[in-house]
Amino acid sequence: MQILMISDVHYSERPFHGQDQSKVFEWLYKVVEKEKPELLVSAGDFGEATQEMFQPICAKTKILTVYGNHDNLQLVKSLKNQDGSDCLLQDGVIREFDGIRIAGINGNISDRKRRPHHKTINEVEEIILRYAKSGKVDILVTHEVPKHPLLGKEKPFGFDIFNDAVKELSPKIYICGHVHLESQMIQMNETRLINIDSSARQREYAKCIYEKGQFKELELLIKRY
């Protein structure tokens, strides 16, 4: 089974970080058409996308995503796959697909909840505890990133709570976005962290094969369609 991983598509009719984002879904359609994944996992931030933009993707693959700080929450929460299942990875609920157990933590960390996508450290701690009680996690998806010296320049981005999530849940793959650095894979003990920027600036994604209980041929790609 082929799995495609993306984050921070950031569709908009207006420039984002100086880039034209109006064609980014056309790029994503071509990636899905070429790679033909059975599962598309996203770390959020689809931007100002509409429901109609997801229909060609849902016709070809199953989507599982968290939401970030640049998402229409009402839209993301309403998105459905062709089998009627939610596209949203709900906090604290492990989703299973062909034997893979996938956990998501939505939103962004904030000291107080000023916006709908904000979560406090305590809320994230409770979500991690719920997952820990639910058994193993193969893939963890968050929009925010853990603290790591490679995720930042002068000062690393990220939050220790997501490092705690890696220690507690020991996922084989951890997908995140948000920081808009050049995409990279980082080994964190037994976990392969994949930080992805799929916006028009980088146009990067990751893919792998899941076969006989193992993730194989994990790689990052850049496609300038």
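Where a number appears in this text, it was derived from the coordinates with a stated rule and is not lab data. Here the structure is a predicted model, which is why all the values come from computation and not from measurement. Cβ atoms come from the backbone with ideal geometry, glycine included; neighbour counts cover every protein chain shown.
Some points to look at:
- Distant-in-sequence amide H partners of R101 (H built 1.01 Å from N, under 5 Å): D138, I139
- Qualifying GluC sites (Glu not before Pro) in the range 1-79, DSSP loop, other Cβ atoms within 10 Å at most 13: E13
- DSSP finds beta bridges in the range 2-222, and of those with both partners inside it, around 50 percent are antiparallel.
- Here the convex hull built on the C-alpha positions of the chain has a volume of 117 cubic angstrom per residue.
- Solvent-free Debye calculation, one equal scatterer per alpha-carbon of the range 173-225: log10 I(q)/I(0) at 0.30 Å⁻¹ equals -1.21.
- Inter-part distance where the range 16-44 and the range 46-106 are each reduced to a Cα centre, Å: 14 Å
- Tail beyond 23 Å, pair distance distribution of the range 104-225 (Cα, percent): 33 percent
- From the largest down, the range 59-162 spans 44, 30, 26 angstrom on the principal axes of its Cα atoms.
- Among the trypsin sites (Lys or Arg not before Pro) in the range 45-141, those located in a DSSP loop and surrounded by at most 11 other Cβ atoms within 10 Å of their own Cβ are R112, R114.
- Derived scalar couplings ³J(HN,Hα) [the range 209-222; Karplus, 6.51 cos²θ - 1.76 cosθ + 1.60; whole Hz; x for Gly, Pro]: 10, 10, 8, 6, x, 10, 8, 10, 6, 6, 8, 9, 9, 10
- The Kirkwood radius of the range 84-139, taken over pairs of alpha-carbon atoms, gives through the Stokes-Einstein law at 37 °C and 0.692 mPa s a diffusion coefficient of 269 µm² s⁻¹.
- Amide H contacts of N106 (H built 1.01 Å from N, in plane; Pro and chain starts excluded): D91 sit under 5 Å, all sequence-distant by 5 or more or on other chains.
- Largest-first principal axis extents of the Cα set of the range 108-161 (Å): 38, 29, 14
- The HN-Hα couplings worked out from phi for the range 161-175 by the Karplus form 6.51 cos²θ - 1.76 cosθ + 1.60 (θ = phi - 60°) are 4, 7, 5, 4, 4, 5, 5, 6, 9, 6, x, 6, 10, 10, 9 Hz, whole numbers, x standing for Gly and Pro.
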